[in-house]
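The values are calculated or read from the model by the stated rules, or taken from the named source; none is laboratory data. Just so it is clear, the model here is predicted, and its values are computed rather than measured. As a convention, Cβ positions derive from the backbone with ideal geometry for all residues, glycine included, and neighbour counts pool all protein chains shown.
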């Protein structure tokens, strides 16, 4: 079974070194296990050269069966250790930093308290991870992973809004049309949107507005600081400014135009038998953020005119 796991890891990681990191052994151990497996089967599963690693047709067919068998074995082990939904073992989770710090950390703590025998390794980051290659049970992030062995589940739709403080608008004026942004001080997150433009959709037009930001960053905390200092307009995920919007500390800018939203999804290994600990966590956070995320109600109570942004 260790040889089968090594083979599945090599296929999913795309290299012997990547597989070694996934299962926490040396590359030489992975090589030895693959050689033992091929000897046992009397078949070539992987074709190696100095520059490339490819899977043979026999290897591809064997991989599908191995992945299914190992998943069922893991599920059986999980069931033994998880009677009456008492989850056990280790759950490894990665999440986008902005959402993790604002919301998900609370959910992780609550979930672990519900399942005290379960150990959780939680990491926040600003990278797009492949959960299998990086050794996670699931990665919660906003960009798709192109892989046949990864599946995803929607957690929440992240709507975005252009905002500023009332003090900024009093000092610099309030834009009435997207083209007015050319004379305003913009703070911009180029990790979310690499192009130096803001895409806005109104009732009768769709316009891409070129911008020259005075502040360019991949840090949502820096954007928030720049906005609250009263010296910048910024495009921000609404969830991150929910309290400030409800309190009127910040106000919408060009709110008759909509910005593209993002999908926050959980990515995990595609399988007919997803481990119980993963299913349980996915079901738990889905119940928190669907069908309506918790930040929407207080915003609509104070600013009902933003209702069209949540469609």
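Looking for something closer than 19 Å to residue 5 by Cβ, surrounded by fewer than 19 Cβ atoms within 10 Å (Cβ to Cβ) and in the same structural domain as residue 288 (by TED's automatic domain parsing) - is there at least one such residue anywhere in the range 92-99?
Checking the range 92-99: at least one residue is closer than 19 Å to residue 5 by Cβ, surrounded by fewer than 19 Cβ atoms within 10 Å (Cβ to Cβ) and in the same structural domain as residue 288 (by TED's automatic domain parsing).
Among the residues of the range 20-36, is any in contact (Cβ under 8 Å) with a residue 40 or more places away in the chain and either farther than 27 Å from residue 268 by Cβ or in contact with a helix residue (DSSP H, G or I) (Cβ under 6 Å, 6 or more places away or on another chain) (or both)?
yes
Kindly establish whether residue 128 is part of a loop (DSSP other than H, G, I, E, B) and under 30 Å from residue 223 (Cβ atoms).
So residue 128 fits the description; yes.
Of all residues in the range 158-187 being surrounded by fewer than 15 Cβ atoms within 10 Å (Cβ to Cβ) and touching a helix residue (DSSP H, G or I) at 6+ places or on another chain (Cβ under 9 Å), which is modelled with the lowest pLDDT?
Result: 183.
Checking the conditions here, which among 264, 259, 223, 216 is free of Cβ contacts under 8 Å to residues at least 60 places away in the same chain and touching a helix residue (DSSP H, G or I) at 6+ places or on another chain (Cβ under 9 Å)?
223
Against the definition (surrounded by 15 or more Cβ atoms within 10 Å (Cβ to Cβ) and in contact with a helix residue (DSSP H, G or I) (Cβ under 7 Å, 6 or more places away or on another chain)), how does residue 289 come out, yes or no?
Considered against the rule, which asks whether it is surrounded by 15 or more Cβ atoms within 10 Å (Cβ to Cβ) and in contact with a helix residue (DSSP H, G or I) (Cβ under 7 Å, 6 or more places away or on another chain), residue 289 comes out as no.
Results for (1) at positive phi; (2) at pLDDT 85 or above; (3) not assigned by TED's automatic domain parsing to the domain that holds residue 139, shown as yes or no for each residue.
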| residue | (1), (2), (3) |
| --- | --- |
| 19 | no, yes, yes |
| 22 | no, no, yes |
| 39 | no, yes, yes |
| 47 | no, yes, yes |
| 61 | no, yes, yes |
| 65 | no, yes, yes |
| 106 | no, yes, no |
| 110 | no, yes, no |
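State whether the residues of the range 43-55 include one that is under 20 Å from residue 270 (Cβ atoms) and in contact (Cβ under 8 Å) with a residue 40 or more places away in the chain.
Yes - at least one qualifying residue is present in the range 43-55.
For residues that are over 17 Å from residue 234 (Cβ atoms) and touching a strand residue (DSSP E or B) at 6+ places or on another chain (Cβ under 8 Å), tally how many sit in the range 142-177.
12
Of all residues being buried (at least 16 other Cβ atoms within 10 Å of the Cβ) and free of Cβ contacts under 8 Å to residues at least 60 places away in the same chain in the range 226-243, which is farthest from residue 301 (Cα to Cα)? Just the residue, please.
Going through the qualifying residues, I end up with 226.
Is it true that some residue in the range 188-196 is in contact with a strand residue (DSSP E or B) (Cβ under 7 Å, 6 or more places away or on another chain), under 26 Å from residue 99 (Cα atoms) and either free of Cβ contacts under 8 Å to residues at least 40 places away in the same chain or in the same structural domain as residue 271 (by TED's automatic domain parsing) (or both)?
Checked the range 188-196: at least one residue is in contact with a strand residue (DSSP E or B) (Cβ under 7 Å, 6 or more places away or on another chain), under 26 Å from residue 99 (Cα atoms) and either free of Cβ contacts under 8 Å to residues at least 40 places away in the same chain or in the same structural domain as residue 271 (by TED's automatic domain parsing) (or both).
Tell me, which helices (runs of 4 or more DSSP H) lie completely within the range 204-311 with 1 or more residues that are touching a strand residue (DSSP E or B) at 6+ places or on another chain (Cβ under 9 Å) and outside the structural domain of residue 97 (by TED's automatic domain parsing)?
220-228, 242-247
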